[in-house]
Amino acid sequence: MNLLQVRILVDDFHKSAAFYRDLLELKADWYEETMEYALFNTGAARIELLSRKAMGEALGEDLGQSGSYTTNFVLNIEVENIDETYHRLSDKGIKFVKEPFTHPTWNGRLAHFRDADGTLIELYQAKKKED
């Protein structure tokens, strides 16, 4: 497993994107205003911004508002085979929030679970070129 990036879930995407883009002067490898998504390259690891609403819709879960018990970031881990990883972790007793699924606009398959403290972890398998 390799750390792919850290996704920060934000309530005000435009304000947050401006902070990372304009104040921290990070280069956006991908910026989609209508999807409320940005991927900033820091050199070694990447920082993603995604609206809390969009992440909640993808999970089918209400992620609340910032400042309450909520999900503020997602640890995004890339794996070679999401189905094998899902079964291996499930066999160890990990309960998944969302079993592996293909997201139509995120170019891959994903699965989600929470760590012991409630941090949301996303497993990601990039879409193969031939898919």
Inset, instruction - Please list 82-93, 42-53 highest first by mean number of surrounding beta-carbon atoms within 10 Å per residue. - result: 42-53, 82-93
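Note down the magnitude of the dipole of the chain about its Cα centre, charges +1 on Lys and Arg C-beta and -1 on Asp and Glu C-beta and zero elsewhere, to the nearest 20 debye. Don't jump to the answer; show the numbers that get you there.
Values: 16 positive and 23 negative charges, 31 e Å.
Once rounded to the nearest 20, the dipole reads 140 debye.
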Inset, instruction - Name the residue farthest towards the positive end of the dipole of the chain from the options 34, 44, 102, assuming +1 on Cβ of Lys and Arg, -1 on Cβ of Asp and Glu, about the Cα centre. - result: 44
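Once you keep just the Cα pairs under 8 angstrom separated by 6 or more residues, what percentage relative contact order results for the chain? Write out the running numbers ahead of the final one.
Working: 235 pairs, mean separation 29.9, N = 131.
For the chain, the relative contact order is 23 percent.
Whole number in Å², please: accessible area per residue of the chain, 1.4 Å probe, ligands, DNA and RNA not counted.
Details: 7820 Å² over 131 residues.
With all protein chains present, the chain gives 60 Å² per residue.
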Inset, instruction - Take the solvent-accessible surface of the protein heavy atoms, probe 1.4 Å, and return the percent of it on the chain that carbon and sulfur atoms account for. - result: 50 percent
Inset, instruction - Kindly identify the range 1-98 as rounded, prolate or oblate by the Cα gyration tensor criterion: order the square roots of the eigenvalues as a ≥ b ≥ c, call it rounded if a/c is under 1.5, otherwise compare a/b with b/c, prolate if a/b is larger, else oblate. - result: oblate
Inset, instruction - For residue 24 paired with residue 119, estimate the spin-label separation in nm (one decimal), with each label point 7 Å from Cα along the Cα-to-Cβ line. - result: 1.6 nm
Legend entry - the chain: calculated mean residue ellipticity at 222 nm from DSSP helix runs of at least 4, using -39500 (n - 2.57): -5000 deg cm²/dmol
Legend entry - Nearest 10 degrees, 0 to 90: helix 82-91 Cα axis against the chain principal axis: 60 degrees
Legend entry - Dipole magnitude of the range 1-48 about its Cα centre (Cβ charges: Lys, Arg +1; Asp, Glu -1), debye to nearest 20: 220 debye
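The values are calculated or read from the model by the stated rules, or taken from the named source; none is laboratory data. Everything numeric here is computed off the predicted structure, so don't read it as measured data. Please note: Cβ atoms are built from the backbone with ideal geometry, for glycine as well, and neighbour counts cover all protein chains shown. Remember, those area values only see protein heavy atoms, side chains included, never the ligands or the DNA or RNA. Shrake-Rupley method; radii C 1.70, N 1.55, O 1.52, S 1.80 Å.
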